[in-house]
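All of the numbers you see were taken from the coordinates with simple rules; none came from a lab. Small disclaimer: the values here were computed from a predicted structure and weren't measured. Cβ: placed from backbone, ideal geometry, glycine included. Neighbour counts: every protein chain shown.
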């Protein structure tokens, strides 16, 4: 089976200090690749991943040095007004993925395969992934499931499409598993570990672990040679991802326990909109300097 393997890298202390090789904030005249991610694991370098759904936001994160951007089906909740990720279509994913690619020059852009675009089998998965690669320009795709998605992963990798797997809480299966921590108890933990190794053997270049006990995520991370990307899976994963609307404080309501908010953009936007509205109503905007003659 085809495997992604990293090229020989310098000693850890040399690699991490070399800004040309560092993933976060590193300088490069090319896009980050899946080989860069595996090389980072070999030298013990952690890296961040954020979601993005439009060109402007993607350009901000690209400028900030974030090396991997995920066009997640979380767009259904964050941008399209759906209650879950299930209704997201491949057309919607293709359109927004293309926007993110256009807004970036360095970040590796990973596009989610939405629900219903790969469950029928490997041929459907290849057809869907090919659209994201050819029409949107993504550098990799992500799909949920371990053993149940192995045939899809194998065919995509054999066809030259890098695959990021996703285990633990898989939001597309919300109707069967709900929103709860996965992998608690010996049986579930062993099953998740088997799925993780199977995904690696099928050729996946990375593995998202969502809502998984920290101890189990640490064990999975130690047992794999491909990087793990945690979201609610503790600090021992090789990388961390958050939905950007959550971490930027744009999402309303109660946040999941694993979310840390680094800004309160929602409150700032509300204040700005109110100030604009009040000036329009009061006749103080626009002023002379905003007018043409």
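Only one entry in 148, 106 is in contact with a helix residue (DSSP H, G or I) (Cβ under 9 Å, 6 or more places away or on another chain) and farther than 16 Å from residue 68 by Cα, namely 148.
Kindly evaluate residue 186 against the criterion of being free of Cβ contacts under 8 Å to residues at least 24 places away in the same chain and closer than 24 Å to residue 236 by Cβ.
yes
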